[in-house]
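The values are calculated or read from the model by the stated rules, or taken from the named source; none is laboratory data. Small disclaimer: the values here were computed from a predicted structure and weren't measured. For neighbour counting, all protein chains shown are included, and Cβ atoms are generated from backbone atoms with ideal geometry for every residue, glycine included. Calculation scope for accessible area: heavy atoms of the full protein, side chains included, ligands and nucleic acids excluded. Shrake-Rupley method; radii C 1.70, N 1.55, O 1.52, S 1.80 Å.
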Amino acid sequence: YEGRAEGLSEGEVQRLEQAFNRFKIPGEADLYTGDLQGLLNYLGHVLTTDEIIQPVLREITMYDYMDFEEFLCFMEKFYERERAEFEAKFNEFDTEGRGEVSVRELRQVMRALGFHPLRQMTEEAIQIVDDNGNGQLSFDELCMFLAVYSYHEGFTTAETEELRKQFERFAVEGQGPAKDQTMLPPEALSDALVQAFGLEVSEFTQHLGEQLASGAGLQKSTFDRGEGEPEYMNFSEFLIFARKVRENEYSKCHQEHVRFADQVARNSQSSKEATEFADADLDNSGGISDRELRRVLKNKKYTPLRNVLEEILDEVYDGDWDEETSELDFDEFFDFMLVFNRRDGFTAKECEELRKTYDRFDEDQSGEISAMEIAALFRHVGYRVNLEDIRDEVAQVDANGSGQLDFREFLRLMRLYREKELRKVRKAFLNNKDQSTDLIPLKLLEPVLKSLGHEPPFPHEIDTDISFDELVDLVDSCRSAFVWKERKKAGFSDEELAGFVDIFKRFDRDKSETIDNRELQNVLKEYNWEPRTREDQQNLIKKLDTARRLAREAGVEDVGPEGSPDVKFWAFVQLIRIFTTDRDKAEEEEVLRVQKELNFSEGETEEFRQVFRVWIKKSRELSGDKSHSKTSAGQETLTRDGVDRLVRSLGVSIAPYNKDLLDKKVASLDDEGRTETARINFCAFLKLMRWMLDTNFAGVNEAASGK
């Protein structure tokens, strides 16, 4: 870059060149000057009005286009004009003419300039630039502060490290001029940003990723790039996109809380007029109180817990928080919501524990876990679940449509379960509290805990009436005992467990409380799990040892000796879970094989699975029989009547000729070749869908697109 823009460092020139290439006219070397504002915003500049840009631009060129050399010259002069504007704003706050502003005023100065730094970033940068530690910043120190702030696009060192971690996870080796760098593919941009910020940002990040994947660049001009090459990015550009995500979240927060934001804007001298509003600041005080903060969270379908609020307030609020008198200003409120959303309402410690649990069940370390792995995880943490319901719930939170859950999606699923638990606790609290004290009387505590599924002895003694938050803490402390009990039952319901007791007693003919090898073979035969080969027999012994280990880990003392072909009851329960999981895995492997054979994507397969499940549920409701939709092996099946209803729901008329075609196809997919009484499992359903799409059965493609 020798000879170019003498006032710019090589690193800055590289950064500017990357941005220039994002916005230049497709297939040409020039930038349309009408795109300068968008380019400057992309680079993080806040003073980008025509009043600022146009005078500088006309010093460089009178034309509507500029090449890169001219753009560098423009940027040098723009930096000079920007510094002058910053100094003028600085002087507005330096009312005494001392050439300094206080650190306490810094965030207010930054807001006035158009920046929105988080408290942690402000404190980190101040430690670097406030050399004498006097709590005052000169204008030169302010400029140094802005340089530190901009170096990592406004992120703290810890945040930058986390962003780099997510970048490296999804990055690939660069090609051509970028062969010495790792580059992020555009299709991975959304996933990487969601892992850093949480699911709240997924809609915006998906839009960014689609824009880059299309090759359309980031230009704002009338020049349409059309279909181009997908655009990869290095880490420095990824940081820019991360900043854009945070800026978008700030804008959303402003829109959701217009009244409050405008009050802050007036205080920072950067708003010329107020706008209409109606939201969180109920008392029009210009700040968000503890009561108002709880109201905001409730409106977002979260249960505000004191321990969560205290932890985040300690991070974002400058001072000791008083529930009665303290208030957040808008930037502090934004900081609070950003952290709260990133943790999905959990504490930092809870997020860390959930991360460890997630990693334990992510056996291949792919960064995603399947519905089957989630079912096993949920049983491990004490939830009773079945695979079919888990798949439905996965579909609710699967933001990227992969059919599996990354950590952020898993965190959202855990939040949904947490809110279910908290609603139960809230209901028990409201039904039993003393209206005058808003506390649960001590004498009612034991029955309340029993109603929530917890039995004495309780983890610690309670000798006074308790609040809702205290009840939640107590229920959480009781949960560890509950988890052990659920692990002992291998995630089966009490009804299922009673059935296992009956089976065990029926085959335990000598009442020894042990099923011997011969008796066990009869049990397995009933479930169609009996070993047929010598290898199956050897695997059965291994499964029995695994079942004994799991029962022992769940607190059962007498599980029988290792290597024995005999089995006691609680090991028997674990053995059934092992066989059930093996069956589910075999079914899942078959689905993947059929998916590949039919050329469906994972997302398409999961969409079809949801359709399949919906129509099974409707068939159950119509028949009133909850068991008729399952085979003897436990597979869910769709009846022929359900198939007809599904097809008609698409707006397709089943004329006699089409009915004959459908009869033949369904019969070919039914295990017994039936027609009217046919039942098809999910793999057969996928094959039916592929046949209908490929043959355009009865005009189904047009009908479906119309729907």
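The long axis of helix 534-553 is offset from the longest Cα principal axis of the chain by roughly 60 degrees. For Q136, the amide hydrogen comes within under 5 Å of the amide hydrogens of V103, counting only partners 5 or more places away or on other chains and with H modelled in the peptide plane. By its C-alpha gyration tensor, with a ≥ b ≥ c as the square roots of the eigenvalues, how is region 31-100 shaped: rounded for a/c under 1.5, else prolate for a/b larger than b/c, else oblate? Prolate, since a/c reaches 1.5 and a/b exceeds b/c. Taking amide H atoms as placed 1.01 Å from N in the peptide plane, the amide H of Y65 lies under 5 Å from those of T33, each 5 or more residues away in sequence or on another chain. Principal-axis analysis of the Cα atoms of the chain puts helix 494-507 at an angle of about 30° to the longest axis. Taking each residue as 0.36 nm, the span from A88 to R518 lengthens on full extension beyond its C-alpha to C-alpha distance by 145.7 nm.
Extension gain for Q537 to T49 (0.36 nm times residue separation, less C-alpha to C-alpha distance): 167.9 nm.
Might you report the magnitude of the Cβ-based charge dipole of the chain about its Cα centre, with Lys and Arg at +1 and Asp and Glu at -1, to the nearest 20 debye?
4100
Restricting attention to region 545-609, which GluC sites (Glu not before Pro) occupy a DSSP loop and are surrounded by at most 16 other Cβ atoms within 10 Å? Here the GluC sites (Glu not before Pro) that fit, given the DSSP loop and packing criteria, are E557, E562. Between Y151 and E363, full extension at 0.36 nm per residue minus the direct alpha carbon distance yields a gain of 72.6 nm.
When the surface is traced with a 1.4 Å probe over the full set of protein chains, K77 keeps roughly 70 Å² accessible.
At an R0 of 25 angstrom, the distance between the Cβ atoms of K525 and E597 translates into a FRET efficiency of 0.20. From the alpha carbon centroid of region 434-449 to that of region 122-143 is 53 Å. Taking a Cβ cut-off of under 11 Å around F155, the surrounding Lys, Arg, Asp and Glu residues balance to a net charge of -2, with basic ones at +1 and acidic ones at -1.
Taking every DSSP helix (H) stretch of at least 4 residues in the chain, weighting each as -39,500 (n - 2.57) and dividing the sum by the residue count yields a mean residue ellipticity at 222 nm of -19500 deg cm²/dmol. Derived scalar couplings between HN and Hα for region 132-146 equal 8, x, 8, x, 10, 10, 7, 5, 4, 5, 5, 4, 5, 4, 5 Hz in order, rounded to whole Hz, by the Karplus curve 6.51 cos²θ - 1.76 cosθ + 1.60 (θ = phi - 60°), x for Gly and Pro.
Listed by chain and number, the lysines placed with their C-alpha closer than 20 angstrom to that of K617 are K626, K630; residues fewer than eight positions away on the same chain are left out.
Region 41-108 and region 309-372 have their alpha-carbon centroids 36 Å apart.
A Förster radius of 22 Å combined with the Cβ-Cβ distance from E461 to K420 puts the calculated FRET efficiency at roughly 0.15.
The Cβ shell under 13 Å around R518 holds other residues with a net charge of -4, Lys and Arg each +1, Asp and Glu each -1. Extending 7 Å from Cα along the Cβ direction at K252 and again at E562 yields two label points whose distance is 5.2 nm.
Considering only G401, N432, L413, and ranking their Cα positions along the charge dipole of region 397-445 that arises from unit charges at the beta-carbon of Lys, Arg, Asp and Glu, the one farthest toward the positive end is N432. Net charge of the neighbourhood of L430, taken over other residues with C-beta under 13 Å away and scored Lys/Arg +1, Asp/Glu -1, is +3. Rounded to 0.05, the FRET efficiency of the A395 and E105 pair, given R0 = 56 Å and the Cβ-Cβ distance, is 0.65.
For the chain, relative contact order (Cα pairs under 8 Å, six or more residues apart, normalised by length) works out to 7 percent. Structure note, pairs K450/K485; K424/K488; K543/K585; K596/K687: Cα-Cα distances above 21 angstrom occur for K424/K488.
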